[in-house]
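For reference, the structure discussed in these notes is given below.
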Amino acid sequence: MLRCAILFSIFNIQFSFLAFSQGNSLLWRISGNHLQHPSYLYGTMHSADPRVFHFADSVMPAFEMCDAFAMEVLIDETVQATILQNIFMNGDATLKSLLSLAQYDSLQRFAMKNAGLDVSYFDRMKPLYVAMMLEMMSGDDSILSTADPFLDQYFEISAKKQQKKIWGLETAEEQMSIFEVMTYKDQADLLMKSIRNYSEDTTEFQDMIQSYLNNDLAEMMEFENDFSIPDSLYDALITNRNIRMSARIDSMVRKQSTFIAVGAGHLGGEEGLVSLLRSKGYTVLPVIPTFSHFLPGNKYRFVSIKNNFKVDFPAIPEIKSEEDNGTLVSTYSNKLEKGKPSYEVVVIDYPDVMGEDEIKERFSNFSENHDGKQTKSITVNGVQTNQYLYQQDKMWIAEVTVYDEHRLYNLHVIKDGKIKPEDYDHFFQSFAILAE
């Protein structure tokens, strides 16, 4: 089943069926070996399916805590140019010359049905590349059916917003070398095999997603027994890349704490990244998944270890970080939707520990610069504070501010209509500063 058997990280086509002999988790903590701070290794699937974004409780706190982010390859204009230089066959070779007339007609029907493209569009491309493109364009997870970012892209976008250093574990040239390990004829045979097996692929791919969501590594292992690909292709896709990526991870995590997102199929087995990193002297342990942060009533209990607070959002919030005159400002928010309240926490990290009097003097006017405010005294995080309700630029805003000796937390609920207590009461009351 090519959908699960071929990994190509320029497009992050992942297979996650390999056995994880070391533990039942997608998230692994890397420590020891003289590291000052832990790093994390996370197994991904290339999909925009909302289900794969149902993260275990530990994933987003680990991501936020790390100073850097690494993925298999970074896509930019240079990488795209490299792809275009390497996807076409040499000489006079074409798909039509490699396939029988019946095979070519079968490929034509498949391409038109699933990708809406005539097979002539692919005729000069290397068959293995064609196979992967058609897989990406077919089925419920087709790249043609959504503009939403895939899981690896989501992490990359989030890393940029949080101003993390971003690394690529491989170059485009290294990725493209996958196409050189098989003859064009062998690639064409694999292409036709993927088309013949496609009808059963769709069902098994859904089963694989469920195994991924369950962190069910034993069940993932069963997928491996259903596939056979040439040893040369397996080595190029998995073994050789794991050796190369583990060496670069070794270098990265020594420089700064890094959240590393790779296809889940790269983690397990004797030649997987977990074992290879352990052989380099690291302690690599699974972070056992729990899902207690998904609450009834479509609420998500977000925990920031980095900024030391928890609060209930409607979903996992977007995080942005920026420097403001030497002060770190972090914003946690969900998208503003018409007629629905939007929630936001702005955290200002003091450059130095501040006493209560200094805090009050510095931030006394933080929430008092709007006309027409309605003020109410409420208890948040176990202390009395003022809740403000006001209108600004046709938006209604409910707001409270709390602080400790390290940070100021400004909570907003924003709505493009009259705001009600049920829109903000739970949000404010769920907020708590965590013990250091």
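Summary of values
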quantity: Counted residues, the stretch 206-228 - those being under 26 Å from Leu190 (Cβ atoms) and either among the charged types (D, E, K, R) or at pLDDT below 75 (or both); calculated: 11
quantity: Candidates Lys160, Lys193 - the one that is in the same structural domain as Thr78 (by TED's automatic domain parsing) and under 24 Å from Thr44 (Cβ atoms); calculated: Lys160
quantity: Unique residue being touching a residue at least 24 places away in the same chain (Cβ under 8 Å) and loosely packed, with under 12 Cβ neighbours inside 10 Å when the list is Glu399, Glu436, Glu405; calculated: Glu436
quantity: Every residue from the stretch 99-118 that is crowded, with 16+ Cβ neighbours inside 10 Å, of a type in the set (Gly, Ala, Ser) and within 16 Å of Met136 (Cβ to Cβ); calculated: Ala111, Ala115
quantity: Members of the stretch 262-283 that are part of a strand (DSSP E or B) and buried (at least 24 other Cβ atoms within 10 Å of the Cβ); calculated: Val262, Gly263
quantity: Residue within the stretch 158-165 that is among the basic types (Lys, Arg), within 30 Å of Arg254 (Cβ to Cβ), touching a residue at least 40 places away in the same chain (Cβ under 8 Å) and crowded, with 18+ Cβ neighbours inside 10 Å present; calculated: yes
quantity: Residue in the stretch 121-129 that is among the acidic types (Asp, Glu), at pLDDT 85 or above and over 30 Å from Val287 (Cα atoms) present; calculated: yes
quantity: Unmet criterion (only one of (1) modelled with pLDDT of 95 or more; (2) closer than 30 Å to Asn240 by Cβ; (3) of a type in the set (D, E, K, R)) for Lys161; calculated: (2)
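The values are calculated or read from the model by the stated rules, or taken from the named source; none is laboratory data. All values reported here derive from a predicted model rather than from experimental measurement. Glycine also receives a Cβ, built like all others from the backbone with ideal geometry; neighbour counts cover every protein chain displayed.
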